[in-house]
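All remarks here apply to the structure that follows.
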C-alpha cells in the first residue's frame, strides 16, 4: 500500500460519514408536507461535492509529498463537508417540521462553510498541484465564491432558488467537466 492509498482510506472514511448523513436525511427532506426544493437541491449538490472531491483527490497521488501537515490539510475538506451535511439534514431529520425554515436558519453558516471550501480548493490546487492562478479551473471557483457570498448576505427566496440551481449546474458542468478524468488538473 502506498502512502497515497493510506491517506485516501482516512479521507474516504470521513467522506462516507457525510454521504451517510445526507442519505439518512434524504427521505425526511423529501417528505411532501415538509419539503423545500431549494434545500433538496443543496442535498444533491453536497452529495455531488463528496463524489467530486473523492474523484479529484486522484490528481494528488503523485503531486504531493505526503506528510502529517498535507494529510491534515486535505482532511479539512471532507470534515467541512460533513459539517455541512449535518447542518443540512441535522442529526435528527425526522424532527424538522419545515425544511424551508431550517434552511434559512442555517443559511449564513452553511454558505460560510462553502466559502471556506472554495478557498481551500483554490489554495490546495495552487499549493499542492501547482495549478496556475489563471487556470480554467478558477472560473467555476470564482463564480461559486461570488454566489455563496450573496447567499450568506441575503435571505431572499428567489435569489436562493437561483443560487441552488446555478451552483448545481456549475458543479456538473464546471468541476465535473474539469474532473471528468482523474488527474485532469495534474501539472506535468
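Within segment 103-120, residues that are at negative phi and touching a residue at least 40 places away in the same chain (Cβ under 8 Å) sit with their Cβ atoms under 8 Å from residues that are crowded, with 17+ Cβ neighbours inside 10 Å and not in a helix (DSSP H, G or I), at 6+ positions apart or across chains, in these pairs: 103/36. Across segment 55-69, the number of residues qualifying as part of a helix (DSSP H, G or I) and buried (at least 17 other Cβ atoms within 10 Å of the Cβ) comes to 6. Scanning segment 8-29 for residues that are more than 15 Å from the chain's Cα centre (by Cα) and closer than 17 Å to residue 56 by Cα yields 8, 9, 10, 13. Of the set (1) within 21 Å of residue 130 (Cβ to Cβ); (2) under 20 Å from the mean Cα position of the chain (by Cα); (3) in contact (Cβ under 8 Å) with a residue 60 or more places away in the chain, all apply to residue 72 but (3).
Within this structure, residue 167 passes the test of being in contact (Cβ under 8 Å) with a residue 12 or more places away in the chain and buried (at least 19 other Cβ atoms within 10 Å of the Cβ).
In this structure, residue 33 does not satisfy being at negative phi, part of a helix (DSSP H, G or I) and loosely packed, with under 14 Cβ neighbours inside 10 Å.
In segment 96-133, which residues are in a loop (DSSP other than H, G, I, E, B) and at pLDDT 85 or above? If the condition is that a residue be in a loop (DSSP other than H, G, I, E, B) and at pLDDT 85 or above, then 96, 97, 98, 132 are the ones that fit.
Scanning segment 161-171 for residues that are within 17 Å of residue 101 (Cβ to Cβ) and more than 17 Å from the chain's Cα centre (by Cα) turns up just one, 161.
The values are calculated or read from the model by the stated rules, or taken from the named source; none is laboratory data. This one's a predicted model, so the numbers in the text were calculated from it and none came from an experiment. Cβ atoms come from the backbone with ideal geometry, glycine included; neighbour counts cover every protein chain shown.
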